[in-house]
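Q: Quick one: the structure is below, questions incoming.
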Amino acid sequence: MKNNKKALEIISKMKPYLISNKVFNLNIEHFIKKQNISLEDFYTYFPESINSMSITYFENITFLAIKNCKKTVFNEKSISRKITQILKQNILIISKEKELSQFFIRYLTTKPRLLLIISNHFAHSAWREIKDNSTDFNYYTKRIILSKIYLVSLYYWKKTLNISDTNLLIERQISSIKILAKIKDFREKLFNKIIKNDFLKYLDFKH
């Protein structure tokens, strides 16, 4: 996502009302006018009101997270460590705007479709950044798994407000995926070995 300065400025102006939980989709125009924001400008950037603000907010954080650890990711050989770095950077940026992040995470809780849009965007952006060449089933599986880890880290941070603990959670989540991948790889190799050795010829079907 391209960093949209004007849209982010509007969110910043609306921040005092958002974090005080005074703003809803039904009354948002009152606060827009109060901050001398043009309604035309607002709906140009946020056609679906708070839904659009949420998408812009989290997509900008994803953009910054990837941008901030570009060099680290480029120099890192391990795919899992690359993904871990992006996830950790994402949490670091979220924590810098603690109150605003909490507001938008709370809002997402009531909007499952929005949760999917935002988590899928993060997962796709992260895999694209590390130039993942997966196709078909693996392409979708990797993105589904990463989007789930993203959401788990998001809500864990909201619950604890602790960056270190959230980073440990991210590491555990990634490690568990690595273990599953090794088991899957072992099974595939074993299966291929059995097929190669024509295991069926050793079976006696006469009894």
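The values are calculated or read from the model by the stated rules, or taken from the named source; none is laboratory data. The model shown is predicted, which means the values in this text are computed figures rather than measured ones. Positions of Cβ are backbone-derived with ideal geometry, glycine not excepted, and every protein chain shown enters the neighbour counts.
Q: Given the structure, is Leu108 out of contact with any Pro (no Cβ under 8 Å at 6 or more places or on another chain), over 13 Å from Glu59 (Cα atoms) and not hydroxyl-bearing (Ser, Thr, Tyr)? Don't jump to the end; show me each part of the working.
A: Values: out of contact with any Pro (no Cβ under 8 Å at 6 or more places or on another chain): yes; over 13 Å from Glu59 (Cα atoms): yes; not hydroxyl-bearing (Ser, Thr, Tyr): yes.
Yes, satisfied.
Q: Here is a follow-up. Would you tally the residues in segment 7-60 being under 24 Å from the mean Cα position of the chain (by Cα), surrounded by fewer than 19 Cβ atoms within 10 Å (Cβ to Cβ) and of a type in the set (Phe, Trp, Tyr)?
A: Summing the residues that are under 24 Å from the mean Cα position of the chain (by Cα), surrounded by fewer than 19 Cβ atoms within 10 Å (Cβ to Cβ) and of a type in the set (Phe, Trp, Tyr) in segment 7-60 gives 1.
Yes/no matrix, rows are residues, columns are (1) of a type outside the set (Phe, Trp, Tyr); (2) within 29 Å of Lys131 (Cα to Cα); (3) part of a helix (DSSP H, G or I):
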position	(1), (2), (3)
Ile10	yes, no, yes
Tyr57	no, yes, yes
Asn60	yes, yes, yes
Arg106	yes, no, yes
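Q: Please determine, by comparing only the residues of segment 131-153 that are touching a Phe, Trp or Tyr at 6+ places or on another chain (Cβ under 9 Å) and in contact (Cβ under 8 Å) with a residue 60 or more places away in the chain, which one is surrounded by the fewest Cβ atoms within 10 Å (Cβ to Cβ).
A: Leu146
Q: Now a separate question. Could you give every pair whose Cβ atoms fall below 7 Å, whose first residue belongs to segment 13-31 and is closer than 16 Å to Thr110 by Cα, and whose second residue is assigned to a loop (DSSP other than H, G, I, E, B) and of a type in the set (Gly, Ala, Ser), counting only separations of at least 6 or pairs across chains?
A: Close Cβ pairs (under 7 Å, with a partner that is assigned to a loop (DSSP other than H, G, I, E, B) and of a type in the set (Gly, Ala, Ser)) amount to Asn25/Ser49.
Q: Given the conditions (1) in a helix (DSSP H, G or I); (2) at pLDDT 90 or above; (3) over 28 Å from Ile11 (Cβ atoms), which single one is not true for Asn138?
A: (2)
Q: Arg81 fails exactly one of the following numbered conditions: (1) part of a helix (DSSP H, G or I); (2) over 19 Å from the mean Cα position of the chain (by Cα); (3) without any contact (Cβ under 8 Å) to a residue 12 or more places away in the chain. What is the number of that condition?
A: (2)
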